[in-house]
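Peer 1: Could you have a look at this structure, given as structure tokens, before my questions?
The values are calculated or read from the model by the stated rules, or taken from the named source; none is laboratory data. None of the values given here were measured: they were computed from a predicted structure. Please note: Cβ atoms are built from the backbone with ideal geometry, for glycine as well, and neighbour counts cover all protein chains shown. Areas reflect the complete protein model, heavy atoms only, side chains present, ligands, DNA and RNA absent. Shrake-Rupley method; radii C 1.70, N 1.55, O 1.52, S 1.80 Å.
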Protein chains: 2
Amino acid sequence: MTDAQSYSLDDFLPYLFSQAADALSLEFQQTYRTKYNMLRTEWRVLFHLGCFGDLTAKEICDRSNVHKTKVSRAVASLEKRGFLTRETMATDRRHSVMCLTAEGREVFKDLQSEAQTYNAALKQTMTPEEFETLHSLLLRIAQRQ
Amino acid sequence: MTDAQSYSLDDFLPYLFSQAADALSLEFQQTYRTKYNMLRTEWRVLFHLGCFGDLTAKEICDRSNVHKTKVSRAVASLEKRGFLTRETMATDRRHSVMCLTAEGREVFKDLQSEAQTYNAALKQTMTPEEFETLHSLLLRIAQRQ
DNA sequence: GGTAAATAGTATCATTCGCAACTAATTATT
DNA sequence: AATAATTAGTTGCGAATGATACTATTTACC
């Protein structure tokens, strides 16, 4: 590897990560944008509730590193569409716990199946060893925040 | 790996990529935001010109997969700050070729050095084998667009 | 050669984002 | 117990984004 190369965009990891993440996001968002007219943050909130059970907005913020205003707006939108309900906690009325409705769970199941199909196809494009390395690196780097 | 896990966010590559890319971007943007009050697209345009020589806006769009309106605005901003100049091509007056000014080259060199330092530190957090695997996967996935 | 299609880049406008200020509720301090 | 500090969540507002329409120029085609 020459000096010139090591100084260039082609080896700069934050840039490459961003390009790769954008490419995947662009492909995958078709599944929730066209079918349910959902934004990415809305998809994330839905999946946090679907995958991890009932949570407060704060818990979703902490898990996903999404800004609280974005989560707040996504929650409001999902609630308006009848995909989730909120209940103020009796023990601390600042918190409200969110819970998917029957319809919300239906939508989650549908999109979860789409996600699994997409993910499986993507895994197919790499060897199991490559996947393991990638997966552990992604987790490690995502922890940095 | 259980079924439940394979259906969950924790293994979903587009999500993990996005989280990792965001974490790195958040760290790295300090170098150009605080020092030069630059946006990411502006940084990218500067680096395309610095790394690959004079280009038209269209060429930057094609190389970086950034929308032409974003590039257009980034170019206008860099021009206003005196970091680049534009010259309409004589052979086709629709194109204009951009060229870093002396000041623009200075800024590029400074930020390039920051980028190299950052990248080297990031590489240190993984083995050479991990890096090679990661790098080739990132390139492959970024190509998808 | 004149008209239509294509291309580079800009402008417009509606949507989304992110910061900061705000409300409401709880906890800590004295 | 009163006041201050903290926390969860929302709102308002200016900045950034993205889709579309537009201008100017070139190329294709009849």
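Peer 1: Checking residue B:79 against (1) among the acidic types (Asp, Glu); (2) in contact with a Cys (Cβ under 8 Å, 6 or more places away or on another chain); (3) near DNA strand C (Cβ under 9 Å from one of its atoms), which single condition isn't satisfied?
Peer 2: All conditions are met except number (2).
Peer 1: Under the condition of being loosely packed, with under 12 Cβ neighbours inside 10 Å and among the hydrophobic types (A, V, I, L, M, F, W, C), which residue from segment A:110-145 is farthest from the other protein chains (Cβ to nearest Cβ)?
Peer 2: A:121
Peer 1: Those residues that are under 14 Å from the mean Cα position of the chain (by Cα) and closer than 20 Å to residue B:93 by Cα, I need them from segment B:60-72; list them, please.
Peer 2: B:60, B:61, B:62, B:71
Peer 1: Looking only at segment A:67-95, count every residue that is assigned to a strand (DSSP E or B) and surrounded by fewer than 18 Cβ atoms within 10 Å (Cβ to Cβ) and tell me the total.
Peer 2: Residues that pass the stated criteria total 4.
Peer 1: Which residue, of A:85, A:31, is within 14 Å of chain B (Cβ to nearest Cβ), of a type in the set (Val, Ile, Thr), over 12 Å from the mean Cα position of the chain (by Cα) and away from DNA strand C (no atom under 12 Å from the Cβ)?
Peer 2: Being within 14 Å of chain B (Cβ to nearest Cβ), of a type in the set (Val, Ile, Thr), over 12 Å from the mean Cα position of the chain (by Cα) and away from DNA strand C (no atom under 12 Å from the Cβ) holds for just one of A:85, A:31, which is A:31.
Peer 1: If you scan segment B:49-58, which residues turn out to be away from DNA strand D (no atom under 16 Å from the Cβ) and part of a helix (DSSP H, G or I)?
Peer 2: Within segment B:49-58, B:49, B:50, B:51, B:52 qualify.
Peer 1: Tell me which residues, restricted to segment A:28-43, are charged (D, E, K, R) and open to solvent by less than 60 Å² (accessible area, probe 1.4 Å).
Peer 2: Listed by number, the list holds a single entry, A:42.
Peer 1: Exactly one of these conditions fails for residue B:64: (1) within 14 Å of chain A (Cβ to nearest Cβ); (2) more than 28 Å from residue A:131 (Cβ to Cβ); (3) within 13 Å of DNA strand D (Cβ to nearest atom); (4) surrounded by 16 or more Cβ atoms within 10 Å (Cβ to Cβ). Give me its number.
Peer 2: (2)
Peer 1: Can you work out which of the residues in segment A:74-97 that are at pLDDT below 95 and aliphatic (A, V, I, L, M) is nearest to residue A:110 (Cα to Cα)?
Peer 2: A:89
Peer 1: Shifting gears a bit: Report yes if some residue within segment A:43-58 is under 14 Å from the mean Cα position of the chain (by Cα), charged (D, E, K, R) and more than 11 Å from chain B (Cβ to nearest Cβ); otherwise report no.
Peer 2: Within segment A:43-58, not a single residue is under 14 Å from the mean Cα position of the chain (by Cα), charged (D, E, K, R) and more than 11 Å from chain B (Cβ to nearest Cβ).
Peer 1: Of the conditions (1) open to solvent by less than 20 Å² (accessible area, probe 1.4 Å); (2) in a helix (DSSP H, G or I); (3) within 27 Å of residue B:139 (Cα to Cα), residue B:98 satisfies every one except a single condition; which number is it?
Peer 2: The single condition residue B:98 does not satisfy is (2).
Peer 1: Any chance segment B:125-132 includes a residue that's within 9 Å of DNA strand C (Cβ to nearest atom) and outside any helix (DSSP H, G or I)?
Peer 2: Taking every residue of segment B:125-132 in turn, none turns out to be within 9 Å of DNA strand C (Cβ to nearest atom) and outside any helix (DSSP H, G or I).
Peer 1: Also, quick follow-up: What about residue A:77, is it within 14 Å of another protein chain (Cβ to nearest Cβ) and of a type outside the set (D, E, K, R)?
Peer 2: In short, no.
Peer 1: Return a yes/no flag: does segment B:68-90 have any residue that is on the phi > 0 side of the Ramachandran plot, in contact (Cβ under 8 Å) with a residue 12 or more places away in the chain and within 16 Å of DNA strand D (Cβ to nearest atom).
Peer 2: No; the residues of segment B:68-90 include none that is on the phi > 0 side of the Ramachandran plot, in contact (Cβ under 8 Å) with a residue 12 or more places away in the chain and within 16 Å of DNA strand D (Cβ to nearest atom).
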